[in-house]
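Structure, as structure tokens:
The values are calculated or read from the model by the stated rules, or taken from the named source; none is laboratory data. Keep in mind it's a predicted model, so treat the numbers as computed, not measured. Cβ placement follows ideal geometry from the backbone for every residue including glycine, while neighbour counts extend to all protein chains displayed. These area figures cover heavy atoms from the full protein model, side chains too; ligands, DNA and RNA do not enter into them. Shrake-Rupley method; radii C 1.70, N 1.55, O 1.52, S 1.80 Å.
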Amino acid sequence: MNNFVRVGSGAGMADDRIAPAQAIAERGGLDYLVMECLAERTIARETLDRSKDPSRGYTPSLRQRIRAVLPACRANGTRIVTNMGAANPRSAAAVIAEEAQALGLATPFSAVVLGDDVAELVRGEGGLATLEDGLPLEEILPRMASANAYLGADAVRDALGTGAEIVVTGRVADPSLFLGPMLHHFGWSYDDLDRLAAGTVAGHLLECSGQLTGGCFADPGRKEVEDLAGLGYPFADVSMDGRVTLSKTPQSGGRIDRATCTEQLLYEIHDPSRYITPDCVLDITGVDFVQRGKDRVEVVGAAARARTDSYKVVVGYFDGYIGIGEMGFAGINAVARARLGAEVVKERLSRLGFVYPEMRVDLIGMSSLHGDAASRPEPYEVRLRIAARSNDRTAAAAVGAEVRGLHMQGPAGAGGGYSLGVQEVLAVKSVLLPRNRVTHRVETIGHAH
Amino acid sequence: MLTDQAPARKRVYDLAHARAGDKGNTSNISVIAYDEAAWELLSERLTEKRVARAFHHIAGGPVRRYALPKLRAFNFVIENALGGGVTRSLAQDPHGKSLSTLMLTIDLADEDRAD
């Protein structure tokens, strides 16, 4: 066994850029390529997809991503771990086999991780309260679209233990996708809290791909990022004893240093002394970054306590519709005309008999991102945006239609308007399930070479 | 209100960099000081109360501040900040990714100690 393992990131969201994934697969010298593609609610959409067509329900970009990375991974002996199985890991593995065939490659030996889908279990389980508001889950059960437990790194470890070249999962906690290969490669145990901490902090830093290497960072004149256009994805070199050094694809753009690492360390963290994953309770209050060379940073000081006795479950549910429309205004008195346009739309919707539990009027260019504040100067151009929620699809659709109607029946000089139509809202809430109620399973597809 | 001529002008932007993340209806914003002097000034003046005031028109709060001295960083956790949560918000930026830049606009120069 090697004393080091190199685990790299190939995606941090379902729509993440694919070219850097191909680059790291080709030039990163990876042992494992991890592609993380599930946001909180995306698995709910995939579950709906599966209910319409049982062969679907995996991440829509699966084929494209696999085509981009599989030839290089095969040539370099890099094993792939991905949660692109979403609501249908079995079908995803079948699709990967099809793509391999289309590329003229031997059929891969894949392992799928099952057991995260706990929708039936949650339906039958009384007394669950949502973590967000403490309300009984029963309130949203009739509208539930999906319920998935965040499985841990042990599920990925077990899948790799089959010898599979590719591991396809549904919901697994993001850092756990990266910790799994380390558990498999080094045989770390769940009692080994220092190693779990090191591997989990590495996974947390890698899980958002380019956000570690200069994405989400550049501010011209203040914080520069060299060749942001050619941003490279990151990897971690992890040693048997838990040393973690971060770097990125050779000859790629971006930067990886103390500043980028610190921003990403705190990304989506609440209490830094207790970041709960299925594998441990991570404490990053003692973390420090040591520059070991250009674009090479060692992570030190992570600590952990033992994992909790429950799994977090994200429940996706239908929550009505949102209608959105936008219209542009410019020149003298633009803001006043935009505000008049908003009043007119609201009045017309009211006269049509529509009532909205929530409506939001924004002036893009003035108050749409940071809210309304006194003393903000009036811009030369402004864009009116109206969004409203309704349980009635027709009422939601009317919002964009009335905004677009301002073209001919609104204030002077209303231009460039459009309706964003209607979006069906899939919202999420979370509950905890006792650890012993959730069991992961591994199935293999294809044969070992 | 402070003018641009004031020599003591200290926006968070001049002292630190920041990134915003989301979970449900909660925004977390890191504030990372560029140096020790900036860290000390931020420690004293960029209080929970000061941040809550800067975000009061978009976030219900509460606001909690966690310190990471080794990294000269703070993590601000601002509840009820994302229009009911990323998945159901009506906002243009439901994740609140742009809220880090609101944090950086906070001007500490003319503030009395906030609490």
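With respect to the numbered conditions (1) in contact with a Ser or Thr (Cβ under 9 Å, 6 or more places away or on another chain); (2) away from every other protein chain (no Cβ under 12 Å); (3) open to solvent by less than 10 Å² (accessible area, probe 1.4 Å); (4) not basic (Lys, Arg), which one is the sole condition not fulfilled by residue A:245?
For residue A:245, the exception is condition (3).
Yes/no matrix, rows are residues, columns are (1) in contact with a helix residue (DSSP H, G or I) (Cβ under 6 Å, 6 or more places away or on another chain); (2) more than 20 Å from residue B:21 (Cα to Cα):
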{"residue": "A:207", "(1), (2)": "yes, no"}
{"residue": "A:236", "(1), (2)": "yes, yes"}
{"residue": "A:242", "(1), (2)": "yes, yes"}
{"residue": "A:249", "(1), (2)": "yes, yes"}
{"residue": "A:266", "(1), (2)": "no, no"}
{"residue": "A:275", "(1), (2)": "no, no"}
{"residue": "A:279", "(1), (2)": "yes, yes"}
{"residue": "A:282", "(1), (2)": "yes, no"}
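Looking only at strands (runs of 3 or more DSSP E) that fall completely inside segment A:295-369, which ones have 1 or more residues that are surrounded by fewer than 21 Cβ atoms within 10 Å (Cβ to Cβ) and away from chain B (no Cβ under 14 Å)?
Numbers: elements: A:296-300, A:303-306, A:310-330, A:358-364.
Here the list reads A:296-300, A:303-306, A:310-330.
For segment A:163-180, state whether one or more residues are in contact with a His (Cβ under 6 Å, 6 or more places away or on another chain), under 23 Å from residue A:436 (Cα atoms) and open to solvent by 40 Å² or more (accessible area, probe 1.4 Å). Steps first, answer last, please.
The initial filter retains those residues of segment A:163-180 that are in contact with a His (Cβ under 6 Å, 6 or more places away or on another chain), namely A:175.
Then drop every residue that is not under 23 Å from residue A:436 (Cα atoms), which leaves A:175.
The next check asks that each one be open to solvent by 40 Å² or more (accessible area, probe 1.4 Å); those that pass are none.
No, the conditions are met nowhere in segment A:163-180.
Of the residues that sit in segment B:35-71 and are small (Gly, Ala, Ser) and within 12 Å of another protein chain (Cβ to nearest Cβ), which one is surrounded by the fewest Cβ atoms within 10 Å (Cβ to Cβ)? Steps first, please.
Pass one, segment B:35-71, residues small (Gly, Ala, Ser): B:37-38, B:43, B:52, B:54, B:59-61, B:67.
Then drop every residue that is not within 12 Å of another protein chain (Cβ to nearest Cβ), which leaves B:54, B:59, B:67.
Working: B:54: 21, B:59: 24, B:67: 15.
Residue satisfying both the conditions and the ranking: B:67.
Mind listing whichever residues of segment A:369-421 are of a type in the set (Val, Ile, Thr) and either over 23 Å from residue B:95 (Cα atoms) or at pLDDT below 95 (or both)? Step through it out loud before you land on a result.
Just the residues of segment A:369-421 that are of a type in the set (Val, Ile, Thr), to begin with: A:382, A:386, A:394, A:399, A:403.
Residues satisfying the conditions are A:394, A:403.
Could you please find all residues in segment B:72-85 being facing chain A (nearest Cβ under 9 Å), open to solvent by 10 Å² or more (accessible area, probe 1.4 Å) and closer than 29 Å to residue A:302 by Cα?
If the condition is that a residue be facing chain A (nearest Cβ under 9 Å), open to solvent by 10 Å² or more (accessible area, probe 1.4 Å) and closer than 29 Å to residue A:302 by Cα, then B:72 is the only one that fits.
Do any residues in segment A:335-348 that are more than 12 Å from residue A:325 (Cβ to Cβ) have Cβ atoms under 7 Å from those of residues that are surrounded by fewer than 18 Cβ atoms within 10 Å (Cβ to Cβ), where the two are at least six apart or on different chains, and which pairs are they?
A:335/A:378; A:337/A:412; A:337/A:413
Identify the residue in segment A:277-294 that is assigned to a strand (DSSP E or B) and β-branched (Val, Ile, Thr) and, among all such residues, is nearest to the other protein chains (Cβ to nearest Cβ). Before the answer, list the steps.
At the first step, the residues of segment A:277-294 found to be assigned to a strand (DSSP E or B) are A:280-283, A:288-293.
Adding the requirement that they be β-branched (Val, Ile, Thr) leaves A:281, A:290.
Working: A:281: 15, A:290: 11 Å.
This residue is A:290.
Can you tell which of B:35, B:93, B:107 is more than 22 Å from residue A:272 (Cβ to Cβ), free of Cβ contacts under 8 Å to residues at least 60 places away in the same chain and not small (Gly, Ala, Ser)? Can you show your working first?
Working: B:35 fails: more than 22 Å from residue A:272 (Cβ to Cβ); B:107 fails: free of Cβ contacts under 8 Å to residues at least 60 places away in the same chain.
Answer to the check: B:93.
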